[in-house]
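The values are calculated or read from the model by the stated rules, or taken from the named source; none is laboratory data. These figures come from a predicted structure and were not determined experimentally. Methodologically, a virtual Cβ is constructed for each residue, glycine included, from the backbone with ideal geometry; neighbour enumeration extends over all protein chains shown. To get the accessible areas, we keep the full protein, side chains included, count just its heavy atoms, and leave off ligands, DNA and RNA. Shrake-Rupley method; radii C 1.70, N 1.55, O 1.52, S 1.80 Å.
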Amino acid sequence: MSENSGRADVVIVGGSHAGGECAFRLRQGGFTGSIALLSSENVLPYHRPPLSKAFLSGEVTVDSLLLRAPAAYEKAGIAWHPSTTVTAIDRAAHRLTLQDGATLGYGKLVLATGGRARLLPIPGGDLAGLYTIRSIADVDALRPAFTAGKRLVIVGAGYIGLEVAAVAIKTGLSVDVVEFAPRVLARVAGPELSAFYEKAHAAHGVKFHLNTGVEAFLPAAGDASHVGAVRCAGGAALPADLVLVAAGLVPNVELAQAAGLEVNNGVVVDEFCQSSDPDILAIGDCANFPLPFTGQRARLESVPNATEHARVAASVLNGAPSAYNAVPWFWSDQYNLKLQSVGLSQGHDQVVLRAPRTPEGFVAFYLKEGRVIAADCVNAIAEFNQAKRFVTNKLSPAPALLADSAVELKSLS
Ligand SMILES: Cc1cc2nc3c(=O)[nH]c(=O)nc-3n(C[C@H](O)[C@H](O)[C@H](O)COP(=O)(O)OP(=O)(O)OC[C@H]3O[C@@H](n4cnc5c(N)ncnc54)[C@H](O)[C@@H]3O)c2cc1C
């Protein structure tokens, strides 16, 4: 982008699930002004979920990750600016400064800056052989080391860590997973689901080190610049040819913060994705918003959330504001296990397990005061669709009937 190259009526910072979708939703809603979509990355908006699944395993290519073909942007009149990082927002002048010193004016600004992988501030953090997964570039960097026979240590037993563990096992690496919490998926799932996944991974040969902090990355005996082991609290050292740090996400809020916007675990917005500045909205992983489903503020990291935020922001910018109105849901693929989760289980006072249809299946309903507030469904697509109905419509089916796989869930909604 050349210096002082102009202005766009709507500038979207961050060209991924939220930003890319917002641009198209704007056009679909009849927006006729100019739209500029800026991204630090050099790839058009793409699906991130396959990065730790089919893209890592080599089953799909970059082209198949793209959310839309390049021609769609041209046709929709969306100006795409790859490798363009915004470094500052001048709110008074409605102007952005870019990495190369150029500037770009905006009428309205949408922050869709997502987040970055959390790094561990421990000794050895700068050694070669340490990886994170957030982008295509990250997977490209990891792939040459991700080969059969290598010893992989994964720090963090969240979804991304466990998905990578599954691909690694399939690829022929040995896998150790170190997790600070007493169970896998502790931040996002109930104990029943954690136990189910721990058992499934252990059956494939993954070794878990739970209740275990990581203290340092140690250099290899023959190469002081490359990682050779992970030292855990208590002194044990796990040999490692490579390490994946999958310790969560840090929202990219520095731009908003420096511009004086309200920030608190994300850019603080209302139910219309409006920030504390009426001309700036924030959407997707970087936004902290009031989730009507729980009545509390949340910052969610999922594609369905990014898509809903994109819809909301576009509705506001098109002059027909429509508030956030979605129930959170998520999916994860590990081995032959397809997990679909709906709702948020925090605060449940009862768990109802339903006998699975298949030996590898699993269904857990989470209830609060009799109402279904969340469900985890593994290899249970029909059950998931019904569970979504229970959660969305705030239903209170009898627990005994929920648990009985002879009773059609449909008959309970
Ligand atoms: C490995 C992996 C697996 C996942 N699996 C699932 C899954 O199975 N299901 C699911 O629902 N979700 C999954 N997610 C989460 C999902 O991908 C995210 O919730 C989603 O990508 C959020 O979209 P976003 O647009 O808000 O942010 P991001 O996708 O993070 O995009 C933000 C973009 O903004 C750019 N940017 C940041 N700062 C600037 C700046 N200053 N200037 C210009 N550009 C900037 C970034 O480079 C990036 O391209 C996964 C994520 C990862 C990483």
For q = 0.25 Å⁻¹, what log10 I(q)/I(0) does the range 17-59 give under the Debye formula with an equal point scatterer on each alpha carbon and no solvent? -0.90
Over the chain, with every protein chain in place, what whole percent of the accessible area is carbon and sulfur at 1.4 Å, could you tell me? 53 percent
If you take the square roots of the eigenvalues of the alpha-carbon gyration tensor of the range 186-265 and sort them as a ≥ b ≥ c, do you get rounded (a/c under 1.5), prolate (a/b over b/c) or oblate? oblate
Approximate shape of the range 143-203 as ellipsoid semi-axes (Cα gyration tensor, √5λ), whole Å, largest first: 22, 11, 9
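Count the net charge of all other residues whose Cβ sits under 14 Å from the Cβ of G260, scoring Lys and Arg as +1 and Asp and Glu as -1. Display every interim value, and only then the final one.
Working: positive: R91; negative: D90, E254, E262, D277, D279.
Net charge in that neighbourhood comes out at -4.
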What does the C-alpha gyration tensor say about the overall shape of the range 80-160? Classify as rounded when a/c is under 1.5, otherwise prolate if a/b is larger than b/c, or oblate. prolate
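Order of 392-404, 203-215 by packing, highest average Cβ count within 10 Å first?
Details: 392-404: 14.4, 203-215: 16.6.
Answer by packing, highest mean first, reads 203-215, 392-404.
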Whose amide H sits under 5 Å from the amide H of A298, counting only residues 5 or more places off or on another chain, with H placed in the peptide plane? F289, L291
Given a 1.4 Å probe, how much area per residue of the chain is accessible, in Å²? 42 Å²
Antiparallel as a % of all DSSP beta bridges within the chain, to the nearest 5? 60 percent
What residues from the range 169-187 fall in the zone where the backbone N is under 16 Å from a label point 7 Å along the Cα-to-C-beta line of A141? none
Using the Karplus equation 6.51 cos²θ - 1.76 cosθ + 1.60 (θ = phi - 60°), what ³J(HN,Hα) coupling, rounded to whole Hz, does each residue of the range 15-31 give in order, writing x for Gly and Pro? x, 9, 4, 6, x, x, 5, 4, 4, 6, 4, 4, 5, 4, x, x, 5
From the phi angles alone, apply the Karplus equation (6.51, -1.76, 1.60; θ = phi - 60°) to the range 367-375 and give each ³J(HN,Hα) in whole Hz, x where the residue is Gly or Pro. 10, 10, 6, x, 8, 6, 9, 6, 8
Take the alpha-carbon centre of the range 59-134, take the same for the range 25-40, and report the distance between them in whole Å. 16 Å
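Would you mind giving the three semi-axes, in whole Å and largest first, of the ellipsoid equivalent to the chain according to its Cα gyration tensor? Write down the numbers at each step before the final one.
Values: eigenvalues 252, 185, 68 Å².
Ellipsoid half-lengths, sorted descending, are 35, 30, 18 Å.
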Expressed in nm², what is the orientationally averaged projection area of the convex hull enclosing the Cα positions of the range 119-247? 7.5 nm²
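Given the alpha-carbon gyration tensor of the range 232-321, what are the semi-axes of its equivalent ellipsoid in whole angstrom, ordered largest first, with each equal to the square root of 5 times an eigenvalue?
On the way: eigenvalues 230, 44, 30 Å².
Working through the eigenvalues yields semi-axes of 34, 15, 12 Å.
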Formal net charge of residues neighbouring L56 (Cβ-Cβ distance under 13 Å; K, R +1; D, E -1): 0
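I'd like the projected area of the range 260-413, averaged over all directions, using the convex hull of its alpha carbons. Report it in nm² with one decimal. Display every interim value, and only then the final one.
Working: hull surface 40.5 nm².
Average of the hull's projected areas for the range 260-413 equals 10.1 nm².
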Neighbourhood charge, 15 Å Cβ-Cβ cut-off, centred on H226 and excluding it, Lys, Arg +1 and Asp, Glu -1: -1
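For Cα pairs less than 8 Å apart in space and 6+ apart in sequence, what is the mean separation divided by the residue count of the range 336-412, i.e. the relative contact order in percent?
On the way: 153 pairs, mean separation 23.7, N = 77.
This gives 31 percent for the range 336-412.
At 25 °C and a viscosity of 0.890 mPa s, what translational diffusion coefficient does Stokes-Einstein give for the range 1-115, taking Rh as the Kirkwood radius over Cα pairs? Give it in µm²/s as a whole number. Don't jump to the answer; show the numbers that get you there.
Details: Rh = 14.7 Å.
For the chosen part, D equals 167 µm²/s.
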Computed P(r) (all Cα pairs; the range 336-412; 10 Å bins; percent): 22, 60, 18, 0
